[in-house]
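The values are calculated or read from the model by the stated rules, or taken from the named source; none is laboratory data. Remember, it's a predicted structure, so these values are computed and weren't measured experimentally. Neighbour counts run over all protein chains shown; Cβ positions are idealised from the backbone, glycine included. Just the protein is used for accessible areas: all its heavy atoms, side chains included, with ligands, DNA and RNA removed. Shrake-Rupley method; radii C 1.70, N 1.55, O 1.52, S 1.80 Å.
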Amino acid sequence: MTPLSLKKIGKSYDGRNYVIRDLNLEIRAGEFMVFVGPSGCGKTTLLRMIAGLEEISEGEVAFGDSVVNELDPGERGAAMVFQSYALYPHMTVAENLGFGLKMSGVAKAERERAVNDVAKVLQIDHMLSSKPKSLSGGQRQRVAIGRAIVRNPKVFLFDEPLSNLDAALRVQMRIELARLHKQLGTTMIYVTHDQVEAMTLGQRIAVFNRGRIEQVGTPLELYERPENRFVAQFIGSPKMNVLAASGNEAGRLKIHSAGTIPVPIAQPASSAIAAIGIRPEDVVLHEAGTPDTLAASVTMIEHLGDATVLYLEIDGADQPVTAKLHGSNKQYSPGDTVGLACVDGKMHCFNAEGAAIR
Amino acid sequence: MYSSRKTKRRPAGAFTLKLIAYGIVFAGAVVMLLPFYFMFVFATHANADILSVPPPYWFGDHLLENLKQLMAMRPNFWKSIGWSLSIAAATTALNLFFCALAGYAFAMLDFRYRETLFGLILATLLLPSFVSMIPTILLMQQIGWINSSKALIIPGACGALGIFMMRQYISSVLPRDLVDAARMDACGEFDIFLRVVLPLIGPALGTLALITFIGSYNNFVGALLVLRDQEVYTLPLVLRSLQGTNGVTWGALSIGAAIAVLPLLALFVVYSRRLIDGLTAGAVKG
Amino acid sequence: MQPTERNRPRKRWLSKKWAPYVFVSPFFILFAIFGLFPLLFSVYVSLFRWDGVSPLSQMKWEGFGNYLYVLELEGLDFRTVFTQAFWQDVYSRDFWRSLYNTLWIGVVAGLPQHLIAIPLAVFIHTQFRRARNGILAIYFLPFITQTVAIVLVFQALFSAKFGVINSLLTGIGQWEVAGFAPFSLMFPTEPVDWARPQKTPWIVAFVVWWRYVGWNTVLYLAALQTIPKDLYEAARVDGASPWRQFVHITLPQLRPMIFFAVTLTLIGNLQLFEEPYVLTAGTGGIGQVAETSAMYMLRVAMTDGDFGTASAVAWLLFMFVALLTWMNNRVLKPKD
């Protein structure tokens, strides 16, 4: 089990514009770490720098206590599973699995034994002599993972490996990956833009935005205590409602022209509140005109079966507010006016820069 | 397209027009094929028959005699075929290797000045070939490659068109991830080319091989410039030498021409579609 | 944890950084030796009198003398430029005659290539389904055939006395239906003497046309396949006739390819060598009526042993090709 340490990492293609700048991250031995963020945020670039596929412009990447900056990808002891699987189409499954060992100079007998062992673990031993073309998406995925396992790497790198699978298979593979991690105990880094995948797989998650890490933490930490608006809105689905707050007077916040609510946190931090955030699942709807609620009207309703998603318009706000209600103690219809509030203690507050205040 | 108006009733003249058009296309096809037909017809007739009026329109029985006469006139005929074929084979092999290598680099690898260098390669395609005729003779004389097959093989060992074709093909079929996967699998840069890229670009290699082989096998001007001795003549030069100012032995010449054309004819019958597609693919995209 | 060791990479003979340059280097090495260097050298040689074989020290400085010698402008009476005599005088000068021959053959062989290839391609594209590949292959066959071999056959076919072409043409010309010969106006009734020098350029032009019309057809066909079908569907909904569809959709859509194909023809025909060389047995025909510029250049070098002048011809020709290509770009290039 190998920890990873990334120190002051910078990446620039032209020496002026940085894709990643001054990034620090410690990944613990045996940890399942997920990099998540919108496309173009630098998460894949960072993964490729760890793999050795991209040059490291600045800083140091260390596996355990050895700096690997100068090493070729094949020498670092990292294995990677690609989004497109990247299986060699002209080789059989067995050859695909054994290619890395062959290129590293492992003897044939030993190679075959390793390939067979891995094939058995992944239940692909019956298709060792087929070509990738004849396999299904899930099977290819398994071969791609097998190719990584067989080299017994210090670190597994996954680059959005599930995004080419259909929804049902994706859930199944997610479970298998989690089990695989438990079984092998190897350090794994997993890149995805899908926050559901991130939340379900990651022991810790690093949320990327514009070449920086916004926050690192366990899934629950990110969900319950986001450090800024970006993380707050990126994690959770539907995404968190953020409403501008003004007129912090006499312990009350004015939310657009929809009404006022009591300041949810203690002074003196509360004086900096510029916006509040309420997760859709924390929205509570009361009768219109109830004190300490915001005047809102229902514009659209989506029934998901287990839950109902309401889109509400509140006076003065240009974005609709989303509410996710479980159970159906009351039926709403478009045009209904309600009083909108938040579950006690679940409201998030942000200052003008977007940082969370508690 | 135009023809999908079938359901509508056609004006009476349309059918006649269509028939005339078909007639013209087939007449054109006949014009394209007639020289070949008469080449084979003449190859089977004695010179006297060919010179008679009217000339023969159907095959005769003088094939073997013509062949014997050809061998008597040009004892090195078979050798020149072998010579032409081997020069074409060598040129093709070198082109496949070097063009695929360069095409791979331009398609898949990131390096400084990549676009500039590729632009330069394309720009050399615009140089008219006659500009280099005189300089080539001079150079070959200076380095002593006159009468050597090297003078035909080496300068054309890595064609610009081949590089272009390979780059187009590789960037359209090879995912970059595959190259990265090979890097993760401890493959060196050249090993990636040899073990991962080459096995996957077979179709493009086949097309390039056809184009290069045909070009080299048919190369007359290049050979004319550097081959001076009868013993090292390639096939086109041997055929050309049969053409005297008077008293041409047409029968022998025709069988020679027929034998020269046959290998490519056979190749073309099998691979015409692929060759035509390969040659036009670059033109359509570019 | 503090990183302690700094790994040294395994030594590879080809680093990732240098590999691309090594991979693309063969072309540049070969081009430098066999392309660029000889080209530059020929610029240098064009300024000297030199036979190509004697040592470089024997070269005699000529300056632009070779160029002036090739252009042969002295003695031309430019005041009579609008008279026939003036142009006959120009035609009697080797370089200008070869240029004229090149242009004449280029146009007479080149123009019909495109005028026939475009409708032919459209017709094959719209009318043929199964026979299409076969038809195309037949038209394409001349393009891949060894020029020398097939041109020698053409020489026999064009023979005046026994030539197949004469037999066929007069056969059609003399064909009579009830005492009336319908084709006698279009086709000859007497054998044509193809050996007369006036006919030689026509023969060359025909053979060149024959070799390349299929190539152009294939190019246009490839371009036709890229025209979106819904353009035609929309036109049909608007009630456009096939002819109007051709004029208003097909031709404009083909324009980039017309530019490309015409450019190829232009560059190719201006360096025409093989067909006229073999058809005239290397002589250029009686009175050099079919001697193209490339042939003239080679004659100066190989027969006259004057490599300085031959190099000058090459560069004059190059400038001429560049000029025509530039004009072609101005006229035909699609503007975006």
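Between residue A:256 and A:246, the built amide H atoms are under 5 Å apart, and every one of these is 5 or more places off in sequence or on another chain.
With charges only on Cβ, +1 for K and R and -1 for D and E, what is the dipole size of the protein assembly as shown about its Cα centre, in debye, rounded to 20?
Working: 86 positive and 73 negative charges, 250 e Å.
The dipole of the protein assembly as shown has a size of about 1200 debye.
Note on chain A: antiparallel DSSP beta bridges, both residues inside, total approximately 75 percent of the bridges counted. Taking label points 7 Å from Cα along the Cα-to-Cβ direction, residue A:117 and residue C:225 give a separation of 5.1 nm. At q = 0.18 Å⁻¹, what log₁₀ I(q)/I(0) does a Debye calculation on the Cα points of region B:197-249 give, no solvent, two decimals? At q = 0.18 Å⁻¹ the computed log10 ratios are -0.69.
Just reorder A:193, A:126, C:114 by solvent-accessible area, largest first, 1.4 Å probe, all chains present. Can you show the working numbers first?
On the way: A:193 100, A:126 135, C:114 20 Å².
From most accessible down to least: A:126, A:193, C:114.
Whole number please: convex hull volume per residue, Cα atoms of region A:238-357, in Å³.
99 Å³
When chain C is described by a simple charge dipole with +1 on each Lys and Arg Cβ and -1 on each Asp and Glu Cβ, the residue from C:112, C:301, C:19 located farthest towards its positive end is C:19. Taken one residue at a time, the phi angles of region B:260-269 give Karplus couplings (6.51, -1.76, 1.60, θ = phi - 60°) of 5, 7, 4, x, 6, 4, 4, 4, 5, 4 Hz. Gly and Pro are set to x. What base-10 log of the normalised intensity I(q)/I(0) is obtained for chain C from the Debye formula, alpha carbons as equal point scatterers, at q = 0.14 Å⁻¹? Taking Cα atoms of chain C as identical point scatterers yields -1.28. For residue A:158, the residues 5 or more places off, or on other chains, whose built amide H falls under 5 Å of its own are A:81, A:189, A:190, A:191. For residue A:189, the accessible surface of its heavy atoms amounts to roughly 0 Å² (probe 1.4 Å, protein chains only, rounded to the nearest 10).
Shape class for the protein assembly as shown, computed from the alpha carbon gyration tensor (a ≥ b ≥ c): prolate, with a/c not under 1.5 and a/b above b/c. Between residue A:220 and residue A:69, the distance separating the two model label sites (each 7 Å from Cα on the Cα→Cβ line) works out to 4.0 nm. Using the Cβ-Cβ distance between residue B:116 and residue A:319 with R0 set to 56 Å, the FRET efficiency from 1/(1 + (r/R0)^6) comes to roughly 0.70.
What FRET efficiency would be calculated for the residue pair residue A:104, residue C:29, taking the C-beta separation as r and a Förster radius of 35 Å, to the nearest 0.05? It comes to 0.60. Of the whole protein surface, residue C:199 contributes about 60 Å² of accessible area at a 1.4 Å probe radius. Projecting the Cα positions of A:235, A:211, A:327 onto the charge dipole of chain A (unit charges on Cβ atoms of Lys, Arg, Asp and Glu, taken about the Cα centre) puts A:211 furthest along the positive direction.
Compared with the direct C-alpha span, the chain from residue C:71 to residue C:198 gains 43.2 nm at full extension, assuming 0.36 nm per residue. Applying both filters, DSSP loop and at most 15 other Cβ atoms within 10 Å, to the trypsin sites (Lys or Arg not before Pro) of region A:1-103 gives A:16, A:28. Projecting label points 7 angstrom from Cα along Cα→Cβ for residue A:131 and residue A:343 puts them 5.5 nm apart. Within the same chain, lysines fewer than 8 places from residue C:229 are excluded, and of the rest, none has a Cα less than 16 Å from its Cα. The length gained on full extension between residue A:239 and residue A:92, counted as 0.36 nm times the residue separation minus their Cα-Cα distance, comes to 48.5 nm. Ranking A:343, C:45, C:107 by solvent-accessible area of protein heavy atoms (1.4 Å probe, all protein chains present), from largest to smallest, gives C:107, A:343, C:45.
Grab the other residues whose beta carbon is less than 10 angstrom from that of residue A:211, score K and R as +1, D and E as -1, and report the net.
Working: positive: A:11, A:21, A:43, A:210, A:212; negative: A:22.
Around residue A:211, the surrounding residues sum to +4.
For chain B, the Cβ-based charge dipole about the Cα centre amounts to some 1140 debye (Lys, Arg positive; Asp, Glu negative; other atoms uncharged). Rounded to whole numbers, the Karplus 3J(HN,Hα) couplings from phi for region B:44-51 are 9, 10, 6, 4, 4, 4, 4, 7 Hz, using 6.51 cos²θ - 1.76 cosθ + 1.60 with θ = phi - 60°, and x at Gly and Pro.
Compute the Kirkwood hydrodynamic radius of region A:4-228, taking the inverse of the mean of 1/r over all pairs of distinct Cα atoms, and give it in Å to one decimal.
18.1 Å
Computed from point charges on the beta carbon alone (+1 for Lys and Arg, -1 for Asp and Glu), the dipole magnitude for region A:238-357 about its Cα centre is near 160 Debye. Could you state the number of Å between the C-alpha centres of region B:81-125 and region A:53-79? Centre-to-centre (Cα) distance: 34 Å.
Here the 3J(HN,Hα) profile of region B:124-130, calculated from phi with Karplus coefficients 6.51, -1.76 and 1.60 at θ = phi - 60°, is 5, 5, 7, 5, x, 5, 5 Hz, Gly and Pro shown as x. Residues whose amide H falls under 5 Å from that of residue A:342, counting only those 5 or more places apart or on a different chain, are A:284, with hydrogens built in the peptide plane. Summary of the geometry: region B:29-47 and region A:143-218, compared by the centres of their Cα atoms, lie 70 Å apart. Taking each of A:254/A:346; A:131/A:154; A:8/A:154; A:108/A:131 in turn, the alpha-carbon distance tops 25 angstrom for A:131/A:154.
Restricting region C:70-158 to chymotrypsin sites (Phe, Trp or Tyr not before Pro) that sit in a DSSP loop and have at most 10 other Cβ atoms within 10 Å of their own Cβ leaves C:82.
The distance linking region A:219-281 with region C:66-116 is 87 Å (Cα centroid to Cα centroid, whole angstrom).
Just going by the charge dipole of chain B, with Lys and Arg at +1 and Asp and Glu at -1 on Cβ, which of B:147, B:198, B:178 is farthest out on the positive end? So the residue furthest toward the plus end is B:178.
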